[in-house]
Amino acid sequence: MKTIIAAAICFMLLSKISLASCLDDGMLGYMDKSAPEVSVLAFPQCVRANQCSIAKNELEKVKKYDDVKYSFLKGCALANGDCFKQDLLEAERLLTSCSKRSYTCKIALFNLYSFYGEDPRNYEQFALELANNRYIGAYGFLADLYGSRGTIEGIAYGYFWGKLVLMDFEAQLRGHDRFEYDNKAYIAPDVKRRQQLLSDIENVSSLLKRFEYQLPKGVVVKIDKICFKYMYDVSPKNKADSGRFTEKDPLSGIADVYGVYIQNTTGAIKSKQKIHSAPSKIPKPDRIQEYENSVLALLG
């Protein structure tokens, strides 16, 4: 009899859980559902909860009041295959549209190309533009691209960009640990975040060691010095103009909760679709050219 009662209670609890709306979870549960901006946050939350009918309904609400936010959310969803069939061409169209008005969306478009672009060389200049604006994902892309060329110049450039990735990850780890130490009485440690950073640091360090073995003796130390100078140069406190959009980014904050990922929200690996197009060519940033010349000069 007790077993039957326990089973019945368990069924009732599971039924309640399955019927719970994603709109009632977390902070959304305390927010005014009639506020248009709530739908922007509700869409990714409902996608993660695999409540696609609600997610799509919220996305339609976004479409009625903000084209930039709609293009970003729908473009990312189509790229990921979240609640929609994966459609890279339509994702590219939507993200290209909103990238003209949002730096956050430009990063999403770059991630789309870096994951699904048929030829990484087509996106070198796009990566350089974002690297000039301190986007670490572009650093990693360039490290892989240049390092794969097999030339001494490519290895040197690959080491340069890879070292910048490592320095960024190490700075994030120091900031994470400092924050945890200062707030240990108030918040629980983010163990998962710290483990991910340690894993990223280990992976990049391994890549740099492979590059280091292929470079002339003494060059690595000199490239390291150039990297420190670069990081100081692009530090926000040392720049009057970050190179990003001068107006407030309409997608500011949204990238913290949603974007273009290599896996969809259910953890499934994406299909093997490829994008054959390439963005318009743009001049290489002067600062990037200056630092590349500094690295090249070390090779004699």
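Based on what the data block shows, is Ala268 modelled with pLDDT under 90 and of a type outside the set (Phe, Trp, Tyr)? When the stated conditions are applied, Ala268 passes them. With respect to the stated conditions, Glu92 fails to be surrounded by fewer than 23 Cβ atoms within 10 Å (Cβ to Cβ), assigned by TED's automatic domain parsing to the domain that holds Val221, part of a helix (DSSP H, G or I) and in contact (Cβ under 8 Å) with a residue 60 or more places away in the chain.
Restricting attention to segment 1-49, which residues are closer than 20 Å to Gly75 by Cβ and either at pLDDT below 60 or of a type outside the set (Lys, Arg) (or both)? Of everything in segment 1-49, those that are closer than 20 Å to Gly75 by Cβ and either at pLDDT below 60 or of a type outside the set (Lys, Arg) (or both) turn out to be Pro36, Glu37, Ser39, Val40, Leu41, Ala42, Phe43, Pro44, Gln45, Cys46, Val47. Can you find a residue that is more than 14 Å from the chain's Cα centre (by Cα) and either touching a residue at least 60 places away in the same chain (Cβ under 8 Å) or within 30 Å of Val204 (Cα to Cα) (or both) anywhere in segment 48-55? Yes, there is a match, as at least one residue in segment 48-55 is more than 14 Å from the chain's Cα centre (by Cα) and either touching a residue at least 60 places away in the same chain (Cβ under 8 Å) or within 30 Å of Val204 (Cα to Cα) (or both).
Applying a threshold of 8 Å to beta carbon distances and a minimum spacing of six or more residues, or different chains, the list of pairs starting in segment 279-300 at a residue that is more than 15 Å from Leu164 (Cβ to Cβ) and in the same structural domain as Tyr157 (by TED's automatic domain parsing) and ending at one that is buried (at least 16 other Cβ atoms within 10 Å of the Cβ) and among the basic types (Lys, Arg) is empty.
Close Cβ contacts (under 6 Å, 6 or more residues apart or on different chains) running from residues in segment 136-165 that are surrounded by fewer than 24 Cβ atoms within 10 Å (Cβ to Cβ) to residues that are of a type in the set (Asp, Glu) comprise Ile136/Asp168. For segment 208-228, the condition of being among the hydroxyl-bearing types (Ser, Thr, Tyr) and modelled with pLDDT under 90 holds for none of the residues. Please find, among Lys69, Lys106, the residue that is within 24 Å of Ala131 (Cβ to Cβ) and either in contact (Cβ under 8 Å) with a residue 40 or more places away in the chain or in a helix (DSSP H, G or I) (or both). Matching residue, one of Lys69, Lys106: Lys106. One residue stands out among those in segment 124-163 that are in a helix (DSSP H, G or I) and β-branched (Val, Ile, Thr): the one that is nearest to Ile107 (Cα to Cα), which is Ile136.
The values are calculated or read from the model by the stated rules, or taken from the named source; none is laboratory data. Note that the structure is predicted; figures quoted are calculated from it, not measured. FYI the Cβ positions are ideal-geometry reconstructions off the backbone, even for glycines, and counts take in every protein chain you see.
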